[in-house]
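Heads up, the thing below is written out as structure tokens.
The values are calculated or read from the model by the stated rules, or taken from the named source; none is laboratory data. In this text the structure is predicted, and so the values were computed from the model without any measurement. Note that we place each Cβ from the backbone using ideal geometry, even for glycine, and neighbour counts take in every protein chain shown. Side chains are part of the model used for accessible areas, which takes the heavy atoms of the whole protein and leaves out ligands, DNA and RNA. Shrake-Rupley method; radii C 1.70, N 1.55, O 1.52, S 1.80 Å.
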Amino acid sequence: MREGWVELFDSLEKLYASEGSDFARDAQKILIESSSLLPTKQASLAPACRHLPALQRDSSALSDLIISLSDQFSWGYSNGAKANQQLSENLAYVERIGPTGMIVDSRMRIGFFLQGPKISYLKHWHPAEELYYVVQGKSGWVVDDLPFQDKKSGDWILHRSMQPHAMLTYDQPMLALWAWRGDLSTAAYEIVAS
């Protein structure tokens, strides 16, 4: 188990280093500092994890590593999914590092996000600034009132604090890396469109 976690942290550190922004450097620093720590939270699966087998193997080393370790993660529902049955069955996240994460850290939230196929994650906002990296899957992303833009594996997406945004998956599930910085509270998280 330990070897897989070390490889995962090493891969994530390199990925954030390649992005190059201050946000990514902050995430990289926290990953480096946390790389020797083992999770303190018990592994669990959410209903959306049934979409994991539909992810393509061998699409990337990072994707394969996340999929191979997925049963060791503590998967939960996203805040927006709790009040909506379709979303609660098709969205799941792992907070790998963060205030409520598998490794506790109050400076940032870093984890993975899984969205099932043909699901619209409604427009929402939160105080934290958010950085996504699409690990696998083509999806539509929208910010503010702009039109949806397609994103694919290898794309980065930045959401500013309180910026309305939404995601739409197509025929395949999407697996993404996400990070929050700034105000990490989930109390002000709000869905702004139904």
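Among the residues of the range 60-75, write down those that are at pLDDT below 90 and open to solvent by less than 80 Å² (accessible area, probe 1.4 Å).
Within the range 60-75, the first condition is being at pLDDT below 90, and the residues that meet it are 60-61.
Selection gives SER60 alone.
Does SER185 fit the bill of being open to solvent by 40 Å² or more (accessible area, probe 1.4 Å), at pLDDT below 95, more than 21 Å from VAL6 (Cα to Cα) and not aliphatic (A, V, I, L, M)? Full working, then the answer.
Working: open to solvent by 40 Å² or more (accessible area, probe 1.4 Å): yes; at pLDDT below 95: yes; more than 21 Å from VAL6 (Cα to Cα): yes; not aliphatic (A, V, I, L, M): yes.
Against the criterion (open to solvent by 40 Å² or more (accessible area, probe 1.4 Å), at pLDDT below 95, more than 21 Å from VAL6 (Cα to Cα) and not aliphatic (A, V, I, L, M)), SER185 qualifies.
Could you list, in sequence order, all residues of the range 165-182 that are surrounded by 19 or more Cβ atoms within 10 Å (Cβ to Cβ) and not aliphatic (A, V, I, L, M)?
Passing the criteria: HIS165, THR169, PRO173, TRP178, TRP180, ARG181.
Given the criteria more than 14 Å from the chain's Cα centre (by Cα), part of a strand (DSSP E or B) and touching a residue at least 24 places away in the same chain (Cβ under 8 Å), does LYS123 qualify? Please lay out each step first, then the result.
Values: more than 14 Å from the chain's Cα centre (by Cα): yes; part of a strand (DSSP E or B): yes; touching a residue at least 24 places away in the same chain (Cβ under 8 Å): yes.
Against the criterion (more than 14 Å from the chain's Cα centre (by Cα), part of a strand (DSSP E or B) and touching a residue at least 24 places away in the same chain (Cβ under 8 Å)), LYS123 qualifies.
Please go through the range 28-54 and pick out each residue that is charged (D, E, K, R) and part of a loop (DSSP other than H, G, I, E, B). Outline the logic, then answer.
First, the residues of the range 28-54 that are charged (D, E, K, R): 29, 33, 41, 50.
LYS41, the sole residue that qualifies.
Within the range 20-46, take every residue that is more than 16 Å from ARG181 (Cβ to Cβ) and among the aliphatic types (A, V, I, L, M) and give me the one that is modelled with the lowest pLDDT.
Here is the first cut: in the range 20-46, the residues more than 16 Å from ARG181 (Cβ to Cβ) are 35-46.
Filter once more, keeping what is among the aliphatic types (A, V, I, L, M): 37-38, 43, 45-46.
Working: LEU37: 80, LEU38: 74, ALA43: 88, LEU45: 91, ALA46: 91.
Restricting to residues being more than 16 Å from ARG181 (Cβ to Cβ) and among the aliphatic types (A, V, I, L, M), the top hit is LEU38.
If you check LEU146 against the conditions, is it touching a strand residue (DSSP E or B) at 6+ places or on another chain (Cβ under 9 Å) and part of a loop (DSSP other than H, G, I, E, B)?
Values: touching a strand residue (DSSP E or B) at 6+ places or on another chain (Cβ under 9 Å): no; part of a loop (DSSP other than H, G, I, E, B): yes.
Criteria not met by LEU146.
Name the residues in the range 76-90 that are among the charged types (D, E, K, R) and at pLDDT 80 or above, would you? Don't jump to the end; show me each part of the working.
Quick first cut of the range 76-90, residues among the charged types (D, E, K, R) only: 82, 89.
Answer for the range 76-90, where residues must be among the charged types (D, E, K, R) and at pLDDT 80 or above: just GLU89.
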